[in-house]
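One structure is given here, and the rest of the page talks about it.
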Amino acid sequence: MHVESLIADVIAILVLVFAFYLPRHKRKELAVALLGVNVGVLAVTAALSQTNVGAGLGLGLFGVLSIIRLRSDELKQHEIAYYFASLTIGLVGGLTELPIVITASLMVLIVMVLGVADIAIISRSTVNMTMTLDRALPKEENVREYVEDISGRKIKELSVTHIDLVNDKTVVDVRFLP
């Protein structure tokens, strides 16, 4: 692995995590995961690029890492985007055949696209909340009415994720207008 690629990777992942993700979403445990995954993928990619192992094995390992991580915790869509950006930055950084200009340019592109796409104007156009209601409401119109009543807010989007008739609970994912 070239030292320049390592430096570019470190700068890209630090900007992604500490300049964009943490200030906006404040989930420290995912920040640690983003850093760890990036370094792990960087190391595996760099090691694989120094051997005669085919690209299929490398992509297979990449897929396994993704599936294991994504199935172990419930992530929101923007968190998945950060997660894959972290993986991709590590993958690009570990490819020794790429010239540093291309490596750094791809990393900058990944970080900047995610940074711009996740600005407050775009991602905060609604307020997202998961709510556990103290009653089982099988009809969506009843859920909508009840949530608007208890929250005092207008709902933009509502999705019932779980109804427990035995314990009299309903879990909903709600997007409120600002």
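Quick look at the numbers
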read-out: For the range 127-176, average projected area of the Cα convex hull in nm²; value: 2.9
read-out: Length released on extending from residue 101 to residue 119, taking residue separation times 0.36 nm less the Cα-Cα span; value: 3.8 nm
read-out: Built amide H within the under 5 Å cut-off of residue 169, gap 5+; value: 136, 164
read-out: Estimated vicinal HN-Hα couplings, Hz - the range 147-158 in sequence order (Karplus 6.51, -1.76, 1.60; Gly, Pro = x); value: 5, 4, 5, 6, 8, x, 10, 7, 8, 8, 8, 9
read-out: Rough spin-label spacing in nm, given labels placed 7 Å along Cα→Cβ, for residue 39 and residue 148; value: 5.0
read-out: Paramagnetic label zone (point 7 Å from Cα along Cα-to-C-beta, residue 50; backbone N under 14 Å) in the range 71-115; value: 94-97
read-out: Whichever aspartates and glutamates have a C-alpha closer than 13 Å to that of residue 169, once near sequence neighbours (fewer than 8 apart) are set aside; value: 134
read-out: Percent RCO, i.e. relative contact order, over the range 127-176, from Cα pairs under 8 Å lying at least 6 residues apart; value: 52
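Laboratory data are not the source of any read-out in this text; all were calculated from the coordinates shown. Just so it is clear, the structure is predicted and the values come from calculations on it, not from any experiment. Cβ: placed from backbone, ideal geometry, glycine included. Neighbour counts: every protein chain shown.
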